[in-house]
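Colleague: Dumping the structure here so I can ask a few things about it.
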């Protein structure tokens with residue numbers, strides 16, 4: 001788990017440092033191929049990380065809900081609505097990543 005956390009932290013730091021460089025290049029009026037490549041990479045990572053996180057969260061939520069319904073079938077009505085609301089919020093985060101990727105793709 002520590003290894004995954006350190007890998008994600010390193011990726012975030014690289015993306016943050018590249019955004020500073022991209023802002024400086026845009027302010028100077030320069031858009032070269034490395035800037036476009038960084039934007040394409042950021043768009044791909046936005047989709048990949050957003051989709052992976054949403055899929056992981058939805059899977060864990062559905063598994064927990066099905067397990068609790070399996071243990072207490074009478075509580076299915078009280079579990080189903082909060083589960084569906086939670087799944088909708090998780091899916092919204094994936095859609096935000098999708099929109100961010102489109103915005104980044106438009107800058108290329």
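The values are calculated or read from the model by the stated rules, or taken from the named source; none is laboratory data. Because the structure is a prediction, the values reported are computed rather than measured. Cβ atoms come from the backbone with ideal geometry, glycine included; neighbour counts cover every protein chain shown.
Colleague: Given (1) under 19 Å from residue 9 (Cα atoms); (2) in contact (Cβ under 8 Å) with a residue 60 or more places away in the chain, where does residue 41 come up short, assuming only one miss?
Modeller: It fails just one condition, (2).
Colleague: Okay, next question. Do the conditions hold for residue 100, that is, is it in contact with a helix residue (DSSP H, G or I) (Cβ under 9 Å, 6 or more places away or on another chain), at pLDDT below 90 and outside any helix (DSSP H, G or I)?
Modeller: Here the answer is no, as residue 100 does not meet what is asked.
Colleague: With respect to residue 54, determine if the residue is over 22 Å from residue 9 (Cβ atoms) and surrounded by 15 or more Cβ atoms within 10 Å (Cβ to Cβ).
Modeller: Against the criterion (over 22 Å from residue 9 (Cβ atoms) and surrounded by 15 or more Cβ atoms within 10 Å (Cβ to Cβ)), residue 54 does not qualify.
Colleague: Of these, 90, 69, 79, 49, which one is surrounded by 12 or more Cβ atoms within 10 Å (Cβ to Cβ) and closer than 20 Å to residue 11 by Cα?
Modeller: 49 is the lone residue from the list that is surrounded by 12 or more Cβ atoms within 10 Å (Cβ to Cβ) and closer than 20 Å to residue 11 by Cα.
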